[in-house]
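To start, the structure itself, in structure tokens.
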Amino acid sequence: MNKAIRLTLLLLCLTLYYGPLQAQNKYTISGYVSDGGTGEKLINANVYEPADYRGSATNLYGFYSLTLPAGTYQIIYSYVGFKSQVKTIELNADIQLNVALEYDSAIEEVTVLGGAVNNKLKDSQMSKEILSVSTIKRLPAFMGEADIMKTLQLMPGVQSGSEGSSGLYVRGGGPDQNLILLDGVPVYNANHLFGFFSVFNTDAVKNVSLYKGGFPARFGGRLSSVIDVRMKEGNEKKIHGGAQLGLISSRFFIEGPIKKDKTAFHLSARRTYIDLLARPFMSTEETTGYFFYDINAKLNHKFSDRSRLYLSVYTGRDKAYNEYDDEWEANSSSYNDYMYWGNLTTALRWNYMFSNKLFMNATVTYSDYNFNVDSHYKENDQTDSNAFIYEYSSGIMDWSAKVEFDWYPTPGHELKFGANYTYHTFKPGVETTKETDSTADDIIKTFGGNNTYASEMNMYIEDNFSLSPLLKANLGIHTSAFYVENTWYHSIEPRASIRYLITDDITLKAAYSKMQQYLHLLSNSTIGLPTDLWLPATKRIKPQVSDQYALGAVYDGIKNVELSAETFYKTMDKLIEYKEGVSFFGSSVGWEDMVETGRGEAYGLELMLRKEVGKTTGWLGYTWSKTSRQFDKLNFGNWFPARYDRRHDASIVISHKFNDRIDIGATWVYGTGNAITLPTHEIRLLPAAEHDRVWYESNIPYFEHRNNYRMPDYHRLDFGINFHKQKKRGMRTWNISVYNVYNRQNPFFLYAGHNDEGNKVLKQITLFPILPSVSYTYKF
Amino acid sequence: MLRNTLLLVMLLGTLSSCEKEIEYKGKELNNFLVLNAKLTEGETIRIELTRSNTIFENKAIKTIGDADVQLFIDGEYVETLQAYNFFKDAPNYNQEHYSGEAYYYLYNTESVKAGSTYTIKIKHSDYNDISASTQVPSKADAWIKNIESENGNLNYTVAIKDEPGKNFYRLRVKGCYDYQTINGVNETGCTYLGYHSVSTKDPVLSFNRIIDEDSFTDYPDNVYLLFDDELFDGETYELKFSIRGEKTDDADIEIIQLDENLYRYYNTVQMRDYYEDYAFSEPVRVYSNIKGGAGVLGSNNSHLMTLENHN
């Protein structure tokens, strides 16, 4: 490993040294590429000089920089779905050129719009998928809610947890090993309604990138994936908006300039209303309900062509409640139970262009996740009144400051370097009870621990460079340190991605990443319960580490179709699992005693055939993989399949645009059944008298090993159709979606029970049968 | 409270779920032998041999009386044990627990000796061979160091001189009470006290953890009052505990030294019992040292300390 680190550093130094020597008598074209209609910056737009095959791509903020020898050039600016622009440039000095691309409505076959483009063939990055919001919105939606996380589950190498869940299991990793970023801010609980919906409102999202491996050095802190969600910045040109009415939720968004071409905003919100619809059917004494809401807001202001400020805020909350009030004669009683949880994230970002080769992004972020339970009981009679209050709260809060630089020192080199500091506050489960009685003093008790504080720091440098027209690499180093409870942890993590063009349409790729993760998630389920608790590595519980190797190829020889194949091998160490039998309900007290640490291994093959352009778009994905775990004190030290181990996982995703008025989408998924622990036998214990166990059954269930049984295979077809109509002031869309079209009874839970004849049988619980939904959207 | 609220909300969310019978498609389910025996120094060897039921068999567990059960002591073959009919010895036993006949195997030529290794090898034409071994631990060197009466409780300090190496123990307390029968007759009854009657903050009786009474923990109760010597290996340890002694006229304190098999077996049994009804916990597999089958062959050695009337 030390050899790998030394080699990476050496290559970085050599390329940096070599670069400036080559930079003489060269000039730089730089600027931003944006959507001419809205002013939104375009991510990964191509800036290309075709004569000598030299080019660059815009970064996350739409900035590009291309250095060429003095001369006259035709520079092509392109982005899928937009008209390409060719600029003739006489380059005899550095110039700044901002380019606004116009939406190309004339090219009918281009139907994937408004998003970023995969360029797997040319990019040195591997194991990365990009999703546009228009792709997500065109696919069938569960209960009418288009969902980013559920669309990501359709990608090879990504698996869902259980039925309906929006949790992600990437290349054998757990749900805690995904770094989910919303405008660069970590989101700790990305679920609503126990995982059936994700927190991302598609109206507010501009672009989604998923990294499954070959992690660039700028990312760190999680073992298995990075999900980078970027919010819309707001339309700089004119006011736009829209609203959607669905079966269980409604939403709206509005965006526009506060000062044209200078300051813009975006505001979107959604709320479910099952609680409001059900209220008329409930008794006056007792009300039960559940809802969630999200609000996304973003403001950006351009001080100059060099300087721009962004402020983005997300807040979302789930709330479940039960309220009971009763009065009789002179007495009254009330029982009120509330459970609520949610995230608040904020990012203040400043982009500054120091020169046409050096771009800076400085960010201050805040992220807070809280879970609370309040339970109030009151009783009054003529002589006395008493009350009991129970409160529980847990969560995690981060303050973070980050500075990142994109530097284009010479042609063919794109350096990124930066540093980040995060101050974590871990709020363990704290319970408070208060008993009041009019005839006695109040009794207040508090259970649970104090906050734990930790500092996490990292620095990185990476260079994306071409060694020759055929060979391109991204080499980097990510270093990190973590301080908690007077203990320091640190790591040096080399990262490497290499691409070799065999022919014009075949690329070979290889990647290696070492990752270290300082956070652990205490969770008892695969469905993302709000009680899941984030905790730091401690003196006893070490950080998780992984090494991942990937090898792949991309074939781009068929028009508009891209075929990719990747294999991966990943080892993980210092993973945690609950001791046998231990369960968890939101308290961190004594958690170190409740877990075992062990290791994991995952390997697999991923195939993907994707068509992004044309009237018919979509992809076919297939994954063969194996994931197992070994803990010295679990399963008697033997390896066992991880609960999300899935040998075969396939998806077919298709959308087709018939014309401007009608488009359809369909998805079909198939997966090997989840591994579960199912008792297969019943055995006799030592006689009860031998161990005072007289109150229990003398027979107990027996199973050979953990996760010894496979649930039935999972498959499901979803279908959706959109009817669009241009109205006087905007566009209206009716969406009809059907979840689980052929009403497949997929397994959610298995148990051994009795049938009507009294025979012992295996029984399956299915969660969702066929579920149709409809929504109405109006956009102006 | 938290758990109930959570489960209630989840239940509401899954009202649309449905249930159906499905076919089992796992590994072929074969029955296997289950051996259960606890060897105690000074007593005879008694072995219960049963057969597992698959989860689809809807009948009582069957005892096996026609197996070839061979006993080895310290590696030397001793004899093939004979099966005895359980109901001949205990005709009033609830026969619903057994299908038809019930057997046990007995070795009563000589009693169990501390330090000896006992091995059982069993063959049967219908099942895989099974085998297991246990080395009988020596008697714990323990004595009652102090007893104090406080607020109606008896506070005990029991000293245990631990031998170097891994050792495993169990505390049992037998209390005797005077009581009056329905007919008004005064009688005395003695019984082992449950763990609820024994209170302690001693870390060794709390899985070697310091227990803060004000903290909320979700950990199994130490029903069997098990402990190991992790905190006092090779030293003399003073174990502290209280029993509700208000009406206790006599109490017997028993420090039982267990072999590791029995310790792990008891420990996993109490964990299994505790977590049995937890919706989200991974099921606990009860420990077994039986090769080719299930159950336990364990051993122990009891040191009984009898107290006369403390008053």
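Say we look at region A:177-188 and pick out the residues that are under 11 Å from the mean Cα position of the chain (by Cα) and outside any strand (DSSP E or B); which of these is nearest to residue A:570 (Cα to Cα)? Outline the logic, then answer.
Our first condition is that a residue be under 11 Å from the mean Cα position of the chain (by Cα); within region A:177-188, this holds for A:177-182, A:186-188.
Checking the rest, the ones that are also outside any strand (DSSP E or B) come to A:177, A:187-188.
Working: A:177: 13, A:187: 25, A:188: 24 Å.
Step by step, filter region A:177-188, then rank; the result is A:177.
Is one or more of the residues making up region A:487-499 hydroxyl-bearing (Ser, Thr, Tyr), touching an Asp or Glu at 6+ places or on another chain (Cβ under 8 Å) and either farther than 20 Å from residue A:418 by Cα or in a loop (DSSP other than H, G, I, E, B) (or both)? Give the steps one after another, and end with the answer.
Our first condition is that a residue be hydroxyl-bearing (Ser, Thr, Tyr); within region A:487-499, this holds for A:487, A:489, A:491, A:497.
Next cut, touching an Asp or Glu at 6+ places or on another chain (Cβ under 8 Å) only: none.
No, the conditions are met nowhere in region A:487-499.
Hey, can you tell me all the residues within region B:265-294 that are over 23 Å from residue B:225 (Cβ atoms) and modelled with pLDDT of 85 or more?
Within region B:265-294, B:290, B:291, B:292, B:293, B:294 meet the criteria.
Being of a type in the set (Lys, Arg) and in contact with a strand residue (DSSP E or B) (Cβ under 6 Å, 6 or more places away or on another chain) is the filter; apply it to region A:225-237 and report the residue that is surrounded by the fewest Cβ atoms within 10 Å (Cβ to Cβ).
Kept after step one, since they are of a type in the set (Lys, Arg), are these residues of region A:225-237: A:230, A:232, A:237.
Next, only the ones that are in contact with a strand residue (DSSP E or B) (Cβ under 6 Å, 6 or more places away or on another chain) stay: A:230, A:232.
Details: A:230: 20, A:232: 23.
The residue in question is A:230.
Would a scan of region A:699-708 turn up a residue that is of a type in the set (Val, Ile, Thr) and in a strand (DSSP E or B)?
Step one: list which residues in region A:699-708 are of a type in the set (Val, Ile, Thr), which gives A:700.
So of that shortlist, the ones also in a strand (DSSP E or B) come out as A:700.
Yes, region A:699-708 contains a residue that is of a type in the set (Val, Ile, Thr) and in a strand (DSSP E or B).
Determine if region A:744-758 includes at least one residue that is among the hydrophobic types (A, V, I, L, M, F, W, C), within 8 Å of chain B (Cβ to nearest Cβ), buried (at least 17 other Cβ atoms within 10 Å of the Cβ) and under 30 Å from residue B:192 (Cα atoms).
Residues of region A:744-758 that are among the hydrophobic types (A, V, I, L, M, F, W, C), as a first pass: A:748-750, A:752.
If we keep only those that are within 8 Å of chain B (Cβ to nearest Cβ) too, we end up with A:748, A:750, A:752.
Narrowing further to those that are buried (at least 17 other Cβ atoms within 10 Å of the Cβ): A:748, A:750, A:752.
Applying the additional criterion that residues be under 30 Å from residue B:192 (Cα atoms) yields none.
Checking region A:744-758: not a single residue is among the hydrophobic types (A, V, I, L, M, F, W, C), within 8 Å of chain B (Cβ to nearest Cβ), buried (at least 17 other Cβ atoms within 10 Å of the Cβ) and under 30 Å from residue B:192 (Cα atoms).
Residue under question is residue A:666, and the condition is that it be more than 14 Å from chain B (Cβ to nearest Cβ) and under 27 Å from the mean Cα position of the chain (by Cα); does it hold? So that I can check it myself, show each step before the final result.
On the way: more than 14 Å from chain B (Cβ to nearest Cβ): yes; under 27 Å from the mean Cα position of the chain (by Cα): yes.
Yes: the conditions hold for residue A:666.
Go through the residues of region A:584-594 one by one and say whether even a single one is at pLDDT 90 or above and in the same structural domain as residue A:521 (by TED's automatic domain parsing). Outline the logic, then answer.
Kept after step one, since they are at pLDDT 90 or above, are these residues of region A:584-594: none.
Among the residues of region A:584-594, not one is at pLDDT 90 or above and in the same structural domain as residue A:521 (by TED's automatic domain parsing), which makes the answer no.
Looking only at region A:477-516, count how many residues are within 30 Å of residue A:452 (Cβ to Cβ), out of contact with any Pro (no Cβ under 9 Å at 6 or more places or on another chain) and without any contact (Cβ under 8 Å) to a residue 60 or more places away in the chain.
Here the count works out to 7.
List the number of the failed condition for residue B:233; all other conditions in (1) within 14 Å of chain A (Cβ to nearest Cβ); (2) at pLDDT 85 or above; (3) in contact with a Gly (Cβ under 9 Å, 6 or more places away or on another chain) hold.
(1)
How about region A:373-466: which strands (runs of 3 or more DSSP E) wholly inside it have at least 3 residues that are more than 30 Å from residue A:514 (Cα to Cα) and assigned by TED's automatic domain parsing to the domain that holds residue A:335?
Details: elements: A:385-407, A:413-437, A:440-448, A:452-466.
The qualifying strands (runs of 3 or more DSSP E) are A:385-407, A:413-437, A:440-448.
Which members of region A:709-743 meet the condition of being facing chain B (nearest Cβ under 9 Å), within 29 Å of the chain's Cα centre (by Cα) and assigned to a strand (DSSP E or B)?
A:710
Tell me, which strands (runs of 3 or more DSSP E) lie completely within region B:16-91 with 3 or more residues that are surrounded by fewer than 19 Cβ atoms within 10 Å (Cβ to Cβ), more than 14 Å from chain A (Cβ to nearest Cβ) and modelled with pLDDT under 95?
In region B:16-91, B:76-85 are the strands (runs of 3 or more DSSP E) which contain 3 or more residues that are surrounded by fewer than 19 Cβ atoms within 10 Å (Cβ to Cβ), more than 14 Å from chain A (Cβ to nearest Cβ) and modelled with pLDDT under 95.
Restricting the first residue to region A:124-146 and requiring it to be on the phi > 0 side of the Ramachandran plot, which pairs with a second residue that is of a type in the set (A, V, I, L, M) and not in a loop (DSSP other than H, G, I, E, B) meet a Cβ separation below 6 Å and a spacing of at least six or different chains?
Matching pairs, first to second residue: A:127/A:550.
Any chance region A:341-348 includes a residue that's hydrophobic (A, V, I, L, M, F, W, C), surrounded by fewer than 19 Cβ atoms within 10 Å (Cβ to Cβ) and more than 21 Å from the chain's Cα centre (by Cα)?
No.
Restricting region A:137-150 to residues that are in a helix (DSSP H, G or I) and more than 14 Å from the chain's Cα centre (by Cα), which is surrounded by the fewest Cβ atoms within 10 Å (Cβ to Cβ)? Lay out the reasoning, then the answer.
Going residue by residue through region A:137-150, those that are in a helix (DSSP H, G or I) are A:137-138, A:148-150.
Adding the requirement that they be more than 14 Å from the chain's Cα centre (by Cα) leaves A:137-138.
Numbers: A:137: 21, A:138: 25.
Ranking the candidates gives A:137 first.
Collect the residues in region A:368-409 that are polar (S, T, N, Q) and at pLDDT below 95, keeping them in residue-number order. So that I can check it myself, show each step before the final result.
Step one: list which residues in region A:368-409 are polar (S, T, N, Q), which gives A:370, A:372, A:375, A:380, A:382-383, A:385-386, A:393-394, A:400.
Matches in region A:368-409: A:370, A:372, A:375, A:380, A:382, A:383, A:385, A:386, A:393, A:394.
So residue A:661 ticks every box in (1) modelled with pLDDT of 90 or more; (2) among the charged types (D, E, K, R); (3) under 21 Å from residue A:159 (Cα atoms) but one. Which box is left unticked?
Against the list (1) modelled with pLDDT of 90 or more; (2) among the charged types (D, E, K, R); (3) under 21 Å from residue A:159 (Cα atoms), residue A:661 comes up short only on (3).
Report yes if residue A:522 is within 14 Å of another protein chain (Cβ to nearest Cβ), among the aliphatic types (A, V, I, L, M) and either without any contact (Cβ under 8 Å) to a residue 24 or more places away in the chain or in contact with a Phe, Trp or Tyr (Cβ under 6 Å, 6 or more places away or on another chain) (or both), otherwise no.
Numbers: within 14 Å of another protein chain (Cβ to nearest Cβ): yes; among the aliphatic types (A, V, I, L, M): yes; either without any contact (Cβ under 8 Å) to a residue 24 or more places away in the chain or in contact with a Phe, Trp or Tyr (Cβ under 6 Å, 6 or more places away or on another chain) (or both): yes.
Yes.
The values are calculated or read from the model by the stated rules, or taken from the named source; none is laboratory data. This one's a predicted model, so the numbers in the text were calculated from it and none came from an experiment. Using ideal geometry, Cβ is built from the backbone for each residue, glycine included, and neighbour counts are taken over all protein chains shown.
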